[in-house]
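Peer 1: Could you have a look at this structure, given as structure tokens, before my questions?
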Amino acid sequence: MTDAAPEADEVTTLTQALGERTADLQRLQAEYVNYKRRVDRDRHVARQAGIDQVVGDLLPVLDAIDAARHHEELEGGFKLVVDALEKVAGKYGLIAFGEVGDEFDPHLHEALMQVPMEGDHAHQIVSSVMQKGIKIGDRVIRPARVGVADPN
């Protein structure tokens, strides 16, 4: 019977050590999961910042293309280049917005001028577009610069 007491003490000690190692393993696993989430989030943020930088640098080019389209000067090889550029921009979720007749939204539009509106509208609407706005997904990179018609 004297052997049972040391065996019980040893079992208790081993059980306690197992519990400590299990708790250590669970903490390490939780730390790893949190680390992986941070790395994934940081990677996404860095990728998005790179895309934003490139889009910001391309905005004057996109504005020149929009002006050429407005003056119907997209022909031949230039049109092929524009189509390829717009395809790449679409791949990254680039969206141009701001059309005459849209409801004015101060989160999407920058009002540069205001004119009285004829008709019976309850809200301000975009009466002219000086420069298209640019979004990537849901984020506004540049608001549309517009003229606004106010209801009478």
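The values are calculated or read from the model by the stated rules, or taken from the named source; none is laboratory data. Treat the numbers as computed from the prediction; the structure is a model and nothing was measured. Here Cβ is always computed from backbone atoms with ideal geometry, including for glycine, and neighbour counts include all displayed protein chains. For accessibility, only protein heavy atoms count, side chains too; no ligands or nucleic acids. Shrake-Rupley method; radii C 1.70, N 1.55, O 1.52, S 1.80 Å.
Peer 1: So, residue 87, is that one over 22 Å from the mean Cα position of the chain (by Cα) and open to solvent by 50 Å² or more (accessible area, probe 1.4 Å) or not?
Peer 2: Spelling it out, it is not the case that residue 87 is over 22 Å from the mean Cα position of the chain (by Cα) and open to solvent by 50 Å² or more (accessible area, probe 1.4 Å).
Peer 1: Restricting to segment 45-80, give me the number of residues that are open to solvent by 80 Å² or more (accessible area, probe 1.4 Å), within 18 Å of residue 140 (Cβ to Cβ) and of a type in the set (D, E, K, R).
Peer 2: 1
Peer 1: Next question, about the same structure. Across segment 100-130, what is the total count of residues that are surrounded by 11 or more Cβ atoms within 10 Å (Cβ to Cβ), more than 24 Å from residue 67 (Cα to Cα) and not aliphatic (A, V, I, L, M)? Explain how you work it out, then say what you get.
Peer 2: Within segment 100-130, the subset surrounded by 11 or more Cβ atoms within 10 Å (Cβ to Cβ) is 100, 102-105, 108-115, 117, 121, 123-130.
Applying the additional criterion that residues be more than 24 Å from residue 67 (Cα to Cα) yields 117, 121, 123-124.
Those left that are additionally not aliphatic (A, V, I, L, M): 121, 123-124.
Count: 3.
Peer 1: Out of curiosity, is residue 46 out of contact with any Leu (no Cβ under 8 Å at 6 or more places or on another chain) and among the small types (Gly, Ala, Ser)? Break it down into steps so the answer makes sense when it comes.
Peer 2: Values: out of contact with any Leu (no Cβ under 8 Å at 6 or more places or on another chain): yes; among the small types (Gly, Ala, Ser): yes.
Here the answer is yes, as residue 46 does meet what is asked.
Peer 1: Within segment 86-98, which residues are over 10 Å from residue 133 (Cβ atoms) and either touching a strand residue (DSSP E or B) at 6+ places or on another chain (Cβ under 9 Å) or at pLDDT below 85 (or both)?
Peer 2: Correct list: 86, 88, 89, 92, 93, 94.
Peer 1: Does residue 134 satisfy being in contact with a Lys or Arg (Cβ under 9 Å, 6 or more places away or on another chain) and under 30 Å from residue 47 (Cα atoms)? Full working, then the answer.
Peer 2: Working: in contact with a Lys or Arg (Cβ under 9 Å, 6 or more places away or on another chain): yes; under 30 Å from residue 47 (Cα atoms): yes.
Here the answer is yes, as residue 134 does meet what is asked.
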